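Student: Before we start, here is the structure in question, set down as structure tokens.
The values are calculated or read from the model by the stated rules, or taken from the named source; none is laboratory data. Being a predicted model, the structure only gives us computed values, none of them experimental. Note that we place each Cβ from the backbone using ideal geometry, even for glycine, and neighbour counts take in every protein chain shown. Ligands, DNA and RNA are stripped out before the accessible areas are found, and what is left, the full protein with its side chains, is counted by its heavy atoms. Shrake-Rupley method; radii C 1.70, N 1.55, O 1.52, S 1.80 Å.
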Amino acid sequence: MNTLVSTVLHECYHHIQSKTDPEYNALTNYKKYGYYNNRIEVECRDFEAKYYKQCLLDLSKNNLI
């Protein structure tokens with residue numbers, strides 16, 4: 001479950017980026033910009049870290065996990 005929550009948060013933030021970041025499409029060229037240190041990936045990992053615990057608490061509080 002923990003990995004699923006992290007992955008969903010990460011991918012949700014990619015969706016947000018795709019709608020708000022004008023450089024998003026270009027930065028998805030991982031051959032050119034790399035993956036791990038790519039700004040869009042760093043931002044997603046930061047988003048995960050910021051909301052992970054609260055997301056798990058909310059899911060538990062609402063008896064979803």
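Student: Can you list the GluC sites (Glu not before Pro) in the chain that are in a DSSP coil and have 12 or fewer other beta carbons within 10 angstrom?
Tutor: GLU23
Student: With θ taken as phi - 60° and the coefficients 6.51, -1.76 and 1.60, list the Karplus ³J(HN,Hα) couplings across the stretch 7-14 in order, rounded to whole Hz; mark glycine and proline as x.
Tutor: 5, 5, 4, 4, 6, 4, 5, 4
Student: The list (i) 43, 21, 15; (ii) 47, 15, 13; (iii) 52, 22, 19 gives values of Cα extents along the principal axes in Å, and only one came from this structure; which label was calculated from it?
Tutor: Identified label for the calculated read-out: (i).
Student: Also, quick follow-up: How much net charge surrounds ARG45 when only other residues with a Cβ under 13 Å from its Cβ are counted (Lys, Arg +1; Asp, Glu -1)?
Tutor: -3
Student: Could you report the chain's accessible area per residue, 1.4 Å probe, as an integer in Å²?
Tutor: Ligands and nucleic acids excluded, the figure is 76 Å² per residue.
Student: Roughly how many percent of the accessible protein surface of the chain is carbon and sulfur, given a 1.4 Å probe and a whole-percent answer?
Tutor: Using a 1.4 Å probe with all protein chains present, the chain comes out at 56 percent carbon and sulfur.
Student: Same structure again: Can you compute the modelled spin-label distance between ALA26 and LEU56, with each label point 7 Å from Cα toward Cβ, in nm?
Tutor: Spacing of the two 7 Å Cα→Cβ label points: 3.8 nm.
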